[in-house]
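Notes to accompany the following structure.
The values are calculated or read from the model by the stated rules, or taken from the named source; none is laboratory data. Remember, it's a predicted structure, so these values are computed and weren't measured experimentally. Note: ideal-geometry Cβ built from the backbone for every residue, glycine included; neighbour counts use all protein chains shown. Surface accessibility is based on the protein's heavy atoms, side chains included, excluding ligands, DNA and RNA. Shrake-Rupley method; radii C 1.70, N 1.55, O 1.52, S 1.80 Å.
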Amino acid sequence: MVKGEIKFEERLNKVKKDVLEMSNLSKKSISSTNNLINEFSEEKFNEVLEIEEKSNILNLDVENGCMELTALHQPVARDLRFTASMMKISDNYERICDLAEKIAYLSKERKKINPPKNIEKMQKKLVKMLELLEKSLKEEKTEKLWELSDIDDEIDKLFDSVHNELEKGMKKGESIKPSTDLLFIARYLERAGDITCKIGSRIIYMKKGKRVRIK
Amino acid sequence: MNDIELNIEGNNETAERKRNEEVKDEWINYDVDGDPKISVSNLNVWYGEERAIKDISIDIPKKSVTAIIGPSGCGKSTFLRCINRMNDRIRNAKIDGSIRFDGTEIYQNNLNLVELRRKVGMVFQNPNPFPKSIRDNVLYAPRKHGYIEKNFLEKILGRTKQKEKNILEKSLKQAALWDEVKNRLDDNALGLSGGQQQRLCIARCLAVDPEVILMDEPASSLDPIATSKIEDLIVSLSNNYTVIVVTHNMQQAARISDQTAVFLTGGELVEYDETTKIFENPESKRVEDYITGRFG
(Lines give C-alpha, C1' and ligand atoms only; values in the text may rest on other atoms or scores of the structure.)
Protein backbone atom coordinates (compact mmCIF):
# COMPACT_ATOMS: atom_id res chain seq x y z
CA MET A 1 0.00 0.00 0.00
CA VAL A 2 1.41 3.43 -0.92
CA LYS A 3 1.67 6.29 1.53
CA GLY A 4 -1.22 8.30 0.06
CA GLU A 5 -3.63 5.39 0.43
CA ILE A 6 -2.85 4.99 4.14
CA LYS A 7 -3.59 8.67 4.67
CA PHE A 8 -6.81 8.38 2.76
CA GLU A 9 -8.00 5.43 4.86
CA GLU A 10 -6.93 7.25 8.01
CA ARG A 11 -8.96 10.28 7.05
CA LEU A 12 -12.02 8.14 6.34
CA ASN A 13 -11.63 6.42 9.70
CA LYS A 14 -11.23 9.73 11.53
CA VAL A 15 -14.46 11.09 10.01
CA LYS A 16 -16.29 7.91 10.92
CA LYS A 17 -14.94 8.03 14.48
CA ASP A 18 -16.11 11.64 14.85
CA VAL A 19 -19.57 10.83 13.54
CA LEU A 20 -19.84 7.90 15.94
CA GLU A 21 -18.94 10.31 18.72
CA MET A 22 -21.69 12.65 17.48
CA SER A 23 -24.08 9.72 17.63
CA ASN A 24 -23.01 8.99 21.18
CA LEU A 25 -23.41 12.65 22.18
CA SER A 26 -26.90 12.97 20.76
CA LYS A 27 -27.95 9.76 22.54
CA LYS A 28 -26.54 11.02 25.84
CA SER A 29 -28.19 14.36 25.34
CA ILE A 30 -31.65 12.90 24.68
CA SER A 31 -31.24 10.48 27.61
CA SER A 32 -30.44 13.38 29.94
CA THR A 33 -33.58 15.26 28.95
CA ASN A 34 -35.69 12.56 30.60
CA ASN A 35 -34.37 13.47 34.02
CA LEU A 36 -34.91 17.14 33.27
CA ILE A 37 -38.53 16.74 32.24
CA ASN A 38 -39.50 14.73 35.32
CA GLU A 39 -37.37 16.49 37.87
CA PHE A 40 -35.15 19.41 36.97
CA SER A 41 -31.49 19.09 37.94
CA GLU A 42 -28.92 21.80 37.36
CA GLU A 43 -26.25 19.16 36.77
CA LYS A 44 -28.15 17.45 33.92
CA PHE A 45 -29.10 20.83 32.48
CA ASN A 46 -25.44 21.82 32.26
CA GLU A 47 -24.56 18.44 30.79
CA VAL A 48 -27.03 18.91 27.91
CA LEU A 49 -25.63 22.39 27.26
CA GLU A 50 -22.07 21.10 27.27
CA ILE A 51 -22.99 18.31 24.87
CA GLU A 52 -24.60 20.81 22.51
CA GLU A 53 -21.42 22.89 22.56
CA LYS A 54 -19.27 19.82 21.90
CA SER A 55 -21.54 18.69 19.07
CA ASN A 56 -21.12 22.06 17.33
CA ILE A 57 -17.35 21.73 17.41
CA LEU A 58 -17.38 18.08 16.38
CA ASN A 59 -19.76 18.85 13.52
CA LEU A 60 -17.24 21.39 12.22
CA ASP A 61 -14.47 18.79 12.55
CA VAL A 62 -16.51 16.34 10.49
CA GLU A 63 -17.19 19.02 7.88
CA ASN A 64 -13.50 19.92 7.68
CA GLY A 65 -12.54 16.26 7.46
CA CYS A 66 -14.95 15.73 4.58
CA MET A 67 -13.77 18.90 2.82
CA GLU A 68 -10.17 17.70 3.08
CA LEU A 69 -11.12 14.29 1.77
CA THR A 70 -12.84 15.90 -1.20
CA ALA A 71 -10.10 18.40 -1.91
CA LEU A 72 -7.16 16.05 -1.54
CA HIS A 73 -8.49 12.70 -2.70
CA GLN A 74 -11.46 13.46 -4.97
CA PRO A 75 -13.41 10.46 -3.68
CA VAL A 76 -15.70 8.53 -6.01
CA ALA A 77 -18.30 5.77 -5.66
CA ARG A 78 -18.61 4.48 -2.07
CA ASP A 79 -16.02 6.97 -0.80
CA LEU A 80 -17.95 9.82 -2.40
CA ARG A 81 -21.20 8.60 -0.87
CA PHE A 82 -19.45 8.20 2.47
CA THR A 83 -18.05 11.74 2.41
CA ALA A 84 -21.28 13.40 1.33
CA SER A 85 -23.38 11.32 3.74
CA MET A 86 -21.16 11.85 6.74
CA MET A 87 -21.53 15.62 6.41
CA LYS A 88 -25.30 15.29 6.33
CA ILE A 89 -25.47 12.73 9.14
CA SER A 90 -23.25 14.85 11.35
CA ASP A 91 -25.47 17.89 10.70
CA ASN A 92 -28.50 15.86 11.67
CA TYR A 93 -26.93 14.66 14.93
CA GLU A 94 -26.01 18.24 15.72
CA ARG A 95 -29.64 19.21 15.13
CA ILE A 96 -30.79 16.54 17.60
CA CYS A 97 -28.41 18.01 20.21
CA ASP A 98 -29.94 21.46 19.50
CA LEU A 99 -33.40 20.07 20.13
CA ALA A 100 -32.21 18.48 23.38
CA GLU A 101 -30.87 21.88 24.43
CA LYS A 102 -34.23 23.49 23.69
CA ILE A 103 -35.93 20.82 25.78
CA ALA A 104 -33.47 21.53 28.61
CA TYR A 105 -34.26 25.27 28.58
CA LEU A 106 -38.00 24.62 28.49
CA SER A 107 -37.62 22.23 31.44
CA LYS A 108 -35.73 24.85 33.41
CA GLU A 109 -38.31 27.56 32.88
CA ARG A 110 -41.30 25.28 33.18
CA LYS A 111 -43.59 25.61 36.16
CA LYS A 112 -44.19 22.27 37.77
CA ILE A 113 -47.10 20.26 36.51
CA ASN A 114 -46.94 16.51 36.06
CA PRO A 115 -45.91 15.74 32.50
CA PRO A 116 -47.98 13.20 30.54
CA LYS A 117 -46.52 9.70 30.93
CA ASN A 118 -46.26 9.35 27.15
CA ILE A 119 -43.54 11.99 26.96
CA GLU A 120 -41.21 9.64 28.81
CA LYS A 121 -42.23 6.82 26.46
CA MET A 122 -41.44 9.04 23.46
CA GLN A 123 -38.05 9.84 24.89
CA LYS A 124 -37.24 6.16 25.54
CA LYS A 125 -38.26 5.18 22.02
CA LEU A 126 -36.09 7.94 20.63
CA VAL A 127 -33.11 6.63 22.57
CA LYS A 128 -33.83 3.18 21.11
CA MET A 129 -33.80 4.67 17.61
CA LEU A 130 -30.49 6.39 18.28
CA GLU A 131 -29.03 3.10 19.56
CA LEU A 132 -30.17 1.37 16.39
CA LEU A 133 -28.45 4.01 14.29
CA GLU A 134 -25.26 3.80 16.29
CA LYS A 135 -25.10 0.03 15.93
CA SER A 136 -25.76 0.28 12.22
CA LEU A 137 -23.02 2.89 11.75
CA LYS A 138 -20.54 0.87 13.80
CA GLU A 139 -21.20 -2.47 12.16
CA GLU A 140 -21.94 -1.00 8.75
CA LYS A 141 -25.09 -3.09 8.46
CA THR A 142 -28.37 -1.68 7.26
CA GLU A 143 -30.88 -4.51 7.75
CA LYS A 144 -32.27 -3.30 11.06
CA LEU A 145 -32.65 0.31 9.95
CA TRP A 146 -36.12 -0.33 8.58
CA GLU A 147 -37.30 -0.79 12.18
CA LEU A 148 -36.84 2.97 12.57
CA SER A 149 -39.96 3.50 10.52
CA ASP A 150 -42.14 1.52 12.96
CA ILE A 151 -40.66 3.18 16.04
CA ASP A 152 -41.13 6.60 14.48
CA ASP A 153 -44.79 5.79 13.82
CA GLU A 154 -45.18 4.87 17.49
CA ILE A 155 -43.56 8.16 18.53
CA ASP A 156 -45.95 10.06 16.24
CA LYS A 157 -48.93 8.33 17.87
CA LEU A 158 -47.58 9.09 21.34
CA PHE A 159 -47.17 12.71 20.34
CA ASP A 160 -50.80 12.85 19.23
CA SER A 161 -51.92 11.43 22.57
CA VAL A 162 -49.72 13.93 24.49
CA HIS A 163 -51.16 16.70 22.39
CA ASN A 164 -54.74 15.62 23.13
CA GLU A 165 -54.06 15.17 26.84
CA LEU A 166 -52.51 18.60 27.21
CA GLU A 167 -55.21 20.23 25.11
CA LYS A 168 -57.90 18.68 27.31
CA GLY A 169 -56.07 19.85 30.43
CA MET A 170 -55.89 23.41 29.11
CA LYS A 171 -59.59 23.35 28.24
CA LYS A 172 -60.28 22.25 31.82
CA GLY A 173 -58.41 25.29 33.07
CA GLU A 174 -54.88 24.07 33.70
CA SER A 175 -52.33 26.83 33.27
CA ILE A 176 -51.44 27.47 29.65
CA LYS A 177 -47.70 28.17 29.98
CA PRO A 178 -46.50 24.84 31.49
CA SER A 179 -48.83 22.90 29.18
CA THR A 180 -47.57 24.61 26.03
CA ASP A 181 -43.98 24.09 27.24
CA LEU A 182 -44.69 20.38 27.55
CA LEU A 183 -46.32 20.41 24.13
CA PHE A 184 -43.17 21.95 22.68
CA ILE A 185 -41.03 19.35 24.46
CA ALA A 186 -43.12 16.56 22.94
CA ARG A 187 -42.93 18.28 19.55
CA TYR A 188 -39.12 18.46 19.74
CA LEU A 189 -38.92 14.76 20.61
CA GLU A 190 -41.19 13.93 17.70
CA ARG A 191 -39.03 16.07 15.39
CA ALA A 192 -35.88 14.31 16.65
CA GLY A 193 -37.55 11.02 15.67
CA ASP A 194 -38.02 12.29 12.11
CA ILE A 195 -34.40 13.39 11.94
CA THR A 196 -33.31 9.96 13.15
CA CYS A 197 -35.21 8.40 10.23
CA LYS A 198 -33.43 10.77 7.86
CA ILE A 199 -30.10 9.59 9.24
CA GLY A 200 -31.20 5.99 8.70
CA SER A 201 -32.07 6.73 5.06
CA ARG A 202 -28.67 8.34 4.62
CA ILE A 203 -26.86 5.31 6.03
CA ILE A 204 -28.66 3.09 3.53
CA TYR A 205 -27.68 5.44 0.69
CA MET A 206 -24.11 5.48 1.93
CA LYS A 207 -23.85 1.70 2.05
CA LYS A 208 -26.02 0.68 -0.90
CA GLY A 209 -26.16 3.73 -3.14
CA LYS A 210 -29.95 3.49 -3.18
CA ARG A 211 -32.10 6.53 -2.48
CA VAL A 212 -34.60 5.36 0.09
CA ARG A 213 -36.85 7.18 2.47
CA ILE A 214 -37.58 5.78 5.89
CA LYS A 215 -40.53 7.58 7.37
CA MET B 1 -31.27 5.70 -12.07
CA ASN B 2 -31.65 4.90 -8.42
CA ASP B 3 -34.99 3.77 -7.16
CA ILE B 4 -36.95 6.01 -4.86
CA GLU B 5 -38.63 3.80 -2.32
CA LEU B 6 -41.24 5.31 -0.13
CA ASN B 7 -41.82 3.75 3.23
CA ILE B 8 -41.41 0.14 2.25
CA GLU B 9 -44.02 -1.97 3.90
CA GLY B 10 -44.03 -5.69 4.59
CA ASN B 11 -40.91 -7.72 5.06
CA ASN B 12 -38.14 -5.19 4.98
CA GLU B 13 -35.43 -7.77 5.42
CA THR B 14 -36.53 -9.53 2.24
CA ALA B 15 -36.42 -6.22 0.39
CA GLU B 16 -32.96 -5.61 1.79
CA ARG B 17 -31.77 -9.05 0.70
CA LYS B 18 -33.14 -8.41 -2.77
CA ARG B 19 -31.17 -5.19 -2.97
CA ASN B 20 -27.99 -7.03 -1.97
CA GLU B 21 -28.47 -9.45 -4.83
CA GLU B 22 -28.65 -6.54 -7.24
CA VAL B 23 -24.90 -5.96 -6.86
CA LYS B 24 -23.61 -7.46 -10.07
CA ASP B 25 -20.24 -8.42 -11.36
CA GLU B 26 -20.94 -6.93 -14.76
CA TRP B 27 -23.25 -4.14 -15.76
CA ILE B 28 -23.64 -3.04 -19.35
CA ASN B 29 -26.68 -0.89 -19.31
CA TYR B 30 -26.79 2.19 -21.39
CA ASP B 31 -29.83 2.92 -23.47
CA VAL B 32 -28.72 4.84 -26.50
CA ASP B 33 -31.28 7.36 -27.71
CA GLY B 34 -31.87 6.67 -31.40
CA ASP B 35 -29.42 4.72 -33.54
CA PRO B 36 -25.92 4.42 -32.13
CA LYS B 37 -23.07 6.01 -34.07
CA ILE B 38 -20.89 2.99 -33.42
CA SER B 39 -22.16 -0.42 -32.52
CA VAL B 40 -19.64 -3.05 -31.43
CA SER B 41 -20.65 -6.71 -31.09
CA ASN B 42 -18.63 -9.55 -29.69
CA LEU B 43 -15.30 -7.94 -30.45
CA ASN B 44 -12.23 -10.02 -29.68
CA VAL B 45 -8.65 -8.98 -30.40
CA TRP B 46 -5.53 -11.11 -30.12
CA TYR B 47 -1.90 -10.06 -30.44
CA GLY B 48 -0.36 -13.40 -31.35
CA GLU B 49 -1.46 -15.77 -28.59
CA GLU B 50 -2.38 -12.99 -26.18
CA ARG B 51 -5.99 -11.92 -26.02
CA ALA B 52 -6.17 -8.16 -25.66
CA ILE B 53 -9.95 -7.71 -25.86
CA LYS B 54 -12.47 -10.26 -24.72
CA ASP B 55 -15.91 -10.39 -26.24
CA ILE B 56 -16.89 -6.74 -26.03
CA SER B 57 -20.29 -5.44 -27.09
CA ILE B 58 -21.06 -1.77 -26.73
CA ASP B 59 -23.14 0.94 -28.41
CA ILE B 60 -21.67 4.45 -28.65
CA PRO B 61 -24.31 7.20 -28.96
CA LYS B 62 -24.06 10.09 -31.42
CA LYS B 63 -22.80 13.56 -30.47
CA SER B 64 -21.66 12.73 -26.99
CA VAL B 65 -18.45 12.03 -25.09
CA THR B 66 -17.77 8.43 -24.14
CA ALA B 67 -14.90 7.87 -21.73
CA ILE B 68 -13.03 4.60 -21.57
CA ILE B 69 -11.18 3.99 -18.34
CA GLY B 70 -9.29 1.06 -16.89
CA PRO B 71 -5.85 -0.05 -15.69
CA SER B 72 -2.85 -0.19 -18.03
CA GLY B 73 -2.91 -3.11 -20.42
CA CYS B 74 -6.66 -3.69 -20.23
CA GLY B 75 -7.23 -3.07 -23.94
CA LYS B 76 -8.54 0.51 -23.95
CA SER B 77 -6.21 1.77 -26.68
CA THR B 78 -6.57 -1.46 -28.63
CA PHE B 79 -10.33 -0.97 -28.60
CA LEU B 80 -9.94 2.61 -29.79
CA ARG B 81 -7.66 1.57 -32.63
CA CYS B 82 -10.18 -1.04 -33.75
CA ILE B 83 -12.73 1.69 -34.45
CA ASN B 84 -10.71 3.19 -37.32
CA ARG B 85 -8.99 -0.09 -38.18
CA MET B 86 -5.55 1.05 -37.15
CA ASN B 87 -4.89 -2.39 -35.72
CA ASP B 88 -4.83 -3.65 -39.30
CA ARG B 89 -1.31 -2.30 -39.47
CA ILE B 90 -0.12 -4.53 -36.63
CA ARG B 91 1.15 -7.74 -38.20
CA ASN B 92 0.18 -10.30 -35.54
CA ALA B 93 -3.11 -8.65 -34.55
CA LYS B 94 -6.21 -10.78 -35.14
CA ILE B 95 -9.65 -9.20 -34.87
CA ASP B 96 -12.92 -11.04 -34.61
CA GLY B 97 -16.42 -9.63 -34.21
CA SER B 98 -18.31 -6.73 -35.68
CA ILE B 99 -18.06 -2.94 -35.56
CA ARG B 100 -20.79 -1.02 -37.31
CA PHE B 101 -20.38 2.65 -38.16
CA ASP B 102 -23.78 4.23 -38.85
CA GLY B 103 -25.00 0.70 -39.52
CA THR B 104 -22.20 -0.18 -41.97
CA GLU B 105 -19.80 -2.95 -41.06
CA ILE B 106 -16.26 -1.55 -41.04
CA TYR B 107 -14.59 -4.97 -41.04
CA GLN B 108 -15.54 -5.81 -44.62
CA ASN B 109 -13.13 -6.39 -47.45
CA ASN B 110 -14.06 -3.61 -49.81
CA LEU B 111 -14.21 -0.81 -47.29
CA ASN B 112 -12.41 2.40 -48.24
CA LEU B 113 -9.96 2.74 -45.35
CA VAL B 114 -8.93 6.27 -46.28
CA GLU B 115 -12.54 7.37 -46.15
CA LEU B 116 -13.09 5.53 -42.85
CA ARG B 117 -10.09 7.28 -41.26
CA ARG B 118 -11.33 10.60 -42.56
CA LYS B 119 -14.64 10.01 -40.85
CA VAL B 120 -13.02 8.62 -37.72
CA GLY B 121 -10.18 10.94 -36.76
CA MET B 122 -7.69 10.26 -34.01
CA VAL B 123 -5.71 12.36 -31.54
CA PHE B 124 -2.84 10.74 -29.67
CA GLN B 125 -1.29 11.05 -26.21
CA ASN B 126 1.70 13.11 -27.34
CA PRO B 127 1.09 15.99 -29.73
CA ASN B 128 2.57 15.04 -33.10
CA PRO B 129 2.41 18.02 -35.46
CA PHE B 130 4.25 17.75 -38.78
CA PRO B 131 7.50 19.76 -38.91
CA LYS B 132 5.73 22.31 -41.08
CA SER B 133 3.93 25.61 -40.62
CA ILE B 134 0.71 25.83 -38.62
CA ARG B 135 -1.14 26.50 -41.89
CA ASP B 136 0.35 23.46 -43.63
CA ASN B 137 -0.42 21.22 -40.68
CA VAL B 138 -4.12 22.05 -40.82
CA LEU B 139 -4.37 22.05 -44.61
CA TYR B 140 -2.28 18.94 -45.26
CA ALA B 141 -5.19 16.48 -45.10
CA PRO B 142 -7.81 18.62 -46.91
CA ARG B 143 -5.30 19.05 -49.77
CA LYS B 144 -4.61 15.30 -49.86
CA HIS B 145 -8.30 14.45 -49.72
CA GLY B 146 -8.97 16.84 -52.60
CA TYR B 147 -11.11 19.27 -50.61
CA ILE B 148 -9.20 22.13 -52.13
CA GLU B 149 -9.41 22.47 -55.89
CA LYS B 150 -6.07 22.35 -57.62
CA ASN B 151 -7.02 23.21 -61.16
CA PHE B 152 -5.58 26.22 -62.91
CA LEU B 153 -8.85 28.12 -63.27
CA GLU B 154 -9.64 27.89 -59.56
CA LYS B 155 -6.11 29.06 -58.78
CA ILE B 156 -6.16 32.12 -61.00
CA LEU B 157 -9.60 33.07 -59.76
CA GLY B 158 -8.22 32.99 -56.21
CA ARG B 159 -10.84 30.48 -55.04
CA THR B 160 -8.24 27.99 -53.78
CA LYS B 161 -6.83 30.54 -51.38
CA GLN B 162 -10.25 31.49 -50.12
CA LYS B 163 -11.21 27.84 -49.52
CA GLU B 164 -7.95 27.21 -47.68
CA LYS B 165 -8.51 30.26 -45.57
CA ASN B 166 -12.03 29.13 -44.67
CA ILE B 167 -10.96 25.62 -43.68
CA LEU B 168 -7.96 26.93 -41.73
CA GLU B 169 -9.97 29.50 -39.79
CA LYS B 170 -12.90 27.17 -39.11
CA SER B 171 -10.70 24.32 -37.89
CA LEU B 172 -8.51 26.49 -35.70
CA LYS B 173 -11.54 28.25 -34.24
CA GLN B 174 -13.21 24.91 -33.45
CA ALA B 175 -10.01 23.82 -31.75
CA ALA B 176 -9.97 27.06 -29.72
CA LEU B 177 -6.55 27.96 -31.15
CA TRP B 178 -7.38 30.67 -33.70
CA ASP B 179 -6.92 33.67 -31.41
CA GLU B 180 -3.53 32.44 -30.28
CA VAL B 181 -2.06 31.73 -33.72
CA LYS B 182 -3.94 33.90 -36.24
CA ASN B 183 -1.00 36.26 -36.60
CA ARG B 184 1.63 33.57 -37.04
CA LEU B 185 0.06 30.97 -39.26
CA ASP B 186 3.28 30.48 -41.21
CA ASP B 187 5.43 29.85 -38.14
CA ASN B 188 6.68 26.34 -37.55
CA ALA B 189 4.16 24.29 -35.56
CA LEU B 190 6.95 22.81 -33.44
CA GLY B 191 7.41 26.26 -31.89
CA LEU B 192 4.01 26.05 -30.20
CA SER B 193 3.58 25.00 -26.58
CA GLY B 194 2.54 21.40 -25.77
CA GLY B 195 -1.09 22.38 -25.20
CA GLN B 196 -1.18 24.45 -28.39
CA GLN B 197 0.40 21.60 -30.36
CA GLN B 198 -2.26 19.21 -29.08
CA ARG B 199 -5.04 21.63 -30.06
CA LEU B 200 -3.37 21.99 -33.46
CA CYS B 201 -3.55 18.21 -33.82
CA ILE B 202 -7.26 18.40 -32.99
CA ALA B 203 -7.67 21.20 -35.58
CA ARG B 204 -5.84 19.01 -38.09
CA CYS B 205 -8.26 16.22 -37.36
CA LEU B 206 -11.28 18.56 -37.69
CA ALA B 207 -10.09 19.99 -41.01
CA VAL B 208 -11.32 16.93 -42.92
CA ASP B 209 -14.76 17.15 -41.33
CA PRO B 210 -14.80 13.86 -39.36
CA GLU B 211 -17.86 12.40 -37.62
CA VAL B 212 -16.07 10.62 -34.80
CA ILE B 213 -12.97 11.75 -32.92
CA LEU B 214 -10.96 9.16 -31.04
CA MET B 215 -8.67 10.52 -28.35
CA ASP B 216 -6.06 8.40 -26.62
CA GLU B 217 -5.15 10.19 -23.36
CA PRO B 218 -5.17 13.56 -25.10
CA ALA B 219 -4.18 15.59 -22.06
CA SER B 220 -1.88 13.28 -20.16
CA SER B 221 1.29 15.09 -21.20
CA LEU B 222 -0.08 18.58 -20.60
CA ASP B 223 -0.06 21.00 -17.67
CA PRO B 224 -3.33 21.77 -15.79
CA ILE B 225 -4.11 24.93 -17.80
CA ALA B 226 -3.61 23.22 -21.16
CA THR B 227 -5.52 20.19 -19.84
CA SER B 228 -8.43 22.39 -18.86
CA LYS B 229 -8.50 23.94 -22.36
CA ILE B 230 -8.48 20.50 -23.98
CA GLU B 231 -11.28 19.33 -21.67
CA ASP B 232 -13.43 22.37 -22.51
CA LEU B 233 -12.74 21.74 -26.15
CA ILE B 234 -13.80 18.08 -25.91
CA VAL B 235 -17.09 19.07 -24.29
CA SER B 236 -17.82 21.70 -26.94
CA LEU B 237 -16.85 19.31 -29.77
CA SER B 238 -19.43 16.83 -28.55
CA ASN B 239 -22.18 19.18 -29.79
CA ASN B 240 -21.21 18.28 -33.34
CA TYR B 241 -19.07 15.17 -33.14
CA THR B 242 -19.05 11.79 -31.43
CA VAL B 243 -16.02 11.78 -29.15
CA ILE B 244 -14.46 8.71 -27.56
CA VAL B 245 -11.72 9.41 -25.00
CA VAL B 246 -9.37 6.97 -23.35
CA THR B 247 -8.08 8.38 -20.09
CA HIS B 248 -6.32 7.30 -16.93
CA ASN B 249 -7.57 10.38 -15.16
CA MET B 250 -10.73 9.41 -13.29
CA GLN B 251 -11.73 12.99 -12.54
CA GLN B 252 -11.25 13.95 -16.16
CA ALA B 253 -13.58 11.16 -17.26
CA ALA B 254 -16.10 12.29 -14.65
CA ARG B 255 -15.86 15.92 -15.77
CA ILE B 256 -16.13 15.58 -19.52
CA SER B 257 -17.99 12.42 -20.44
CA ASP B 258 -21.66 11.56 -20.80
CA GLN B 259 -21.12 7.82 -20.45
CA THR B 260 -18.21 5.77 -19.22
CA ALA B 261 -17.04 2.29 -20.08
CA VAL B 262 -14.79 0.55 -17.56
CA PHE B 263 -12.39 -2.06 -18.94
CA LEU B 264 -10.55 -4.28 -16.51
CA THR B 265 -7.54 -6.56 -16.78
CA GLY B 266 -7.99 -9.27 -19.38
CA GLY B 267 -9.66 -6.92 -21.88
CA GLU B 268 -13.11 -7.25 -20.35
CA LEU B 269 -15.72 -4.52 -20.45
CA VAL B 270 -17.09 -4.74 -16.92
CA GLU B 271 -19.42 -1.78 -16.65
CA TYR B 272 -20.89 0.74 -19.07
CA ASP B 273 -23.37 3.31 -17.92
CA GLU B 274 -23.99 7.01 -17.46
CA THR B 275 -20.89 8.68 -16.05
CA THR B 276 -22.66 10.01 -12.96
CA LYS B 277 -23.87 6.50 -12.16
CA ILE B 278 -20.41 4.98 -12.58
CA PHE B 279 -18.77 7.53 -10.29
CA GLU B 280 -21.52 7.71 -7.68
CA ASN B 281 -22.81 4.19 -7.45
CA PRO B 282 -21.29 1.60 -9.78
CA GLU B 283 -23.03 -1.74 -9.94
CA SER B 284 -19.91 -3.86 -10.15
CA LYS B 285 -17.83 -4.41 -7.03
CA ARG B 286 -14.70 -4.75 -9.18
CA VAL B 287 -15.37 -1.38 -10.81
CA GLU B 288 -15.95 0.24 -7.44
CA ASP B 289 -12.68 -1.19 -6.16
CA TYR B 290 -10.87 0.08 -9.24
CA ILE B 291 -12.19 3.63 -9.27
CA THR B 292 -11.73 4.05 -5.52
CA GLY B 293 -8.11 2.94 -5.86
CA ARG B 294 -8.45 -0.31 -3.95
CA PHE B 295 -7.75 -2.61 -6.86
CA GLY B 296 -4.64 -3.66 -8.70
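Worth pointing out:
- Among B:Asp102, B:Asp258, B:Asp209, the largest mean-square fluctuation in a Gaussian network model of chain B (Cα springs under 10 Å) belongs to B:Asp102.
- Mean-position separation - Cα centroids, the stretch B:225-296 and the stretch A:185-200, in angstrom: 40
- Residues of the stretch A:197-215 that bury at least 30 Å² of accessible area once all protein chains are present, compared with their chain alone (1.4 Å probe, heavy atoms only, ligands and nucleic acids left out), are A:Lys208, A:Gly209, A:Lys210, A:Arg211, A:Arg213, A:Lys215.
- Unit charges on C-beta of K, R, D, E only; dipole of chain B, Debye: 2140
- Taking every protein chain into account, the 1.4 Å probe leaves A:His163 with about 70 Å² of accessible area, to the nearest ten.
- Lysines whose Cα lies under 29 Å from that of B:Lys170, excluding same-chain neighbours fewer than 8 positions away: B:Lys37, B:Lys62, B:Lys63, B:Lys119, B:Lys132, B:Lys144, B:Lys150, B:Lys155, B:Lys161, B:Lys182, B:Lys229
- Probe 1.4 Å, accessible area per residue of the stretch A:1-150, Å²: 50
- For the stretch B:28-291, the solvent-accessible area works out to 45 Å² per residue, with a probe of 1.4 Å and every protein chain left in place.
- Occluded residues from the stretch B:253-296, i.e. those whose accessible area drops by 40 Å² or more once the chain is not alone (1.4 Å probe): B:Phe279, B:Glu280, B:Asn281, B:Glu288, B:Thr292, B:Arg294
- Computed accessible area, B:Arg255, all protein chains, 1.4 angstrom probe, square angstrom: 140
- Taking B:Gln252, B:Gln125, B:Gln108 as the candidate residues, the one with maximal mean-square fluctuation in a Gaussian network model of chain B, Cα springs under 10 Å, is B:Gln108.
- Share of carbon and sulfur in the accessible heavy-atom surface of the stretch A:3-208 [1.4 Å probe, %]: 50
- Net lengthening on full extension, B:Arg89/B:Glu115 (0.36 nm per residue, minus Cα-Cα): 7.7 nm
- Here the spin labels are modelled as points 7 Å beyond Cα on the Cα-Cβ line, and at B:Asn44 and A:Glu147 they lie 5.3 nm apart.
- Taking label positions 7 Å along the Cα-Cβ direction at both B:Arg184 and A:Glu120, the computed distance is 8.6 nm, reported to one decimal.
- The accessible-area loss of the stretch A:74-104 on complex formation, taken against its chain alone with a 1.4 Å probe, reaches 10 Å² or more at A:Gln74, A:Val76, A:Ala77, A:Arg78, A:Asp79, A:Leu80, A:Arg81.
- Pairs over the 19 Å Cα-Cα cut-off, from the set B:Lys54/B:Lys277; A:Lys44/A:Lys108; A:Lys128/A:Lys157; A:Lys28/A:Lys102; A:Lys138/A:Lys215; A:Lys27/A:Lys198: B:Lys54/B:Lys277; A:Lys138/A:Lys215.
- Solvent-accessible area, 1.4 Å probe, carbon plus sulfur percent, for chain B: 46
- Helices in chain A that qualify as membrane-span-like (whole DSSP H runs, Cα extent of at least 30 Å along the helix axis, mean Kyte-Doolittle hydropathy of 0.0 or higher) are A:176-208.
- Over all other residues within a Cβ to Cβ distance under 13 Å of B:Ala219, the charged ones net out to -2, with Lys and Arg as +1 and Asp and Glu as -1.
- Fluctuation leader among A:Asn59, A:Asn13, A:Asn92 - chain A, Gaussian network, Cα springs under 10 angstrom: A:Asn13
- Accessible surface buried upon A-B contact (total; probe 1.4 Å; Å², nearest 100): 2300
- Each stretch of four or more DSSP H residues adds -39500 (n - 2.57); spread over every residue of chain A, this sum gives -31000 deg cm²/dmol at 222 nm.
- In chain B, helical runs assigned H by DSSP with n ≥ 4 each contribute -39500 (n - 2.57); averaged across all residues and rounded to the nearest 500, the mean residue ellipticity at 222 nm is -10500 deg cm²/dmol.
- FRET efficiency for B:Lys54 and A:Arg211, using Cβ-Cβ distance with R0 set to 25 Å, rounded to 0.05: 0.15
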